[in-house]
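What follows is calculated from the coordinates using simple rules that are stated; it is not laboratory data. Owing to the predicted nature of the structure, the values given are computational and were not obtained by experimental measurement. Because the Cβ atoms are built from the backbone with ideal geometry, glycine has one as well, and the counts that use them run over all protein chains shown.
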Amino acid sequence: MGKGMKAGKKPKQPKMGNAQQMAQMQAMQKKMDEVQAQIDEMEATATSGGGAVTVTVTGKKEIKDIQILQEVVDPDDVEMLQDLILTAANEALRQMEEISQAEMSKFTAGLGIPGF
């Protein structure tokens, strides 16, 4: 064993690449933030009941607009209208999630990060 070394300890490796790795990570984070900002500006629209209900959601997964055709509004069948709204909203949210994942996977495809 060399002078000053204790059993079981490995000699310290020089930290030459740390600054470069940190810069790469910061650049990657900036790019991911830019992609997320682009996604936040996107919209997805879905319909149900043959177009009776239309729901638009944003990339932030917030409902932006709901359109309901007057002929589908039946005071004696409120449950049907509720189902149509839920169906359209859930489909629009599913579409936006799919868009979001596709956009992020373009960026993360070569990184080999689990879950991305």
Using 7 Å Cα-to-Cβ label points, what is the D77/T47 separation (nm, one decimal)?
1.8
Stretchable slack from K60 to E97, in nm (0.36 nm times residue separation minus alpha-carbon distance):
12.4 nm
For all pairs of alpha-carbon atoms in the stretch 23-116, what percent lies in each bin of width 10 Å, listed from the first bin to the last filled one?
16, 35, 23, 15, 8, 2, 0
Along the Cα→Cβ direction, 7 angstrom out, place labels at Q70 and A19. What is the inter-label distance in nm?
7.1
Under 20 Å from K106, Cα to Cα: aspartates and glutamates that are on another chain or at least 8 residues apart
D33, E34, D40, E41, E43, E97, E98
Residue by residue, what Karplus-based ³J(HN,Hα) values in Hz, rounded to whole numbers, does the stretch 36-44 have, using 6.51, -1.76 and 1.60 with θ = phi - 60° and x for Gly and Pro?
5, 5, 5, 4, 4, 7, 6, 9, 10
Could you check the simple spin-label distance between N90 and A27, using points 7 Å along Cα→Cβ, in nm with one decimal?
4.4
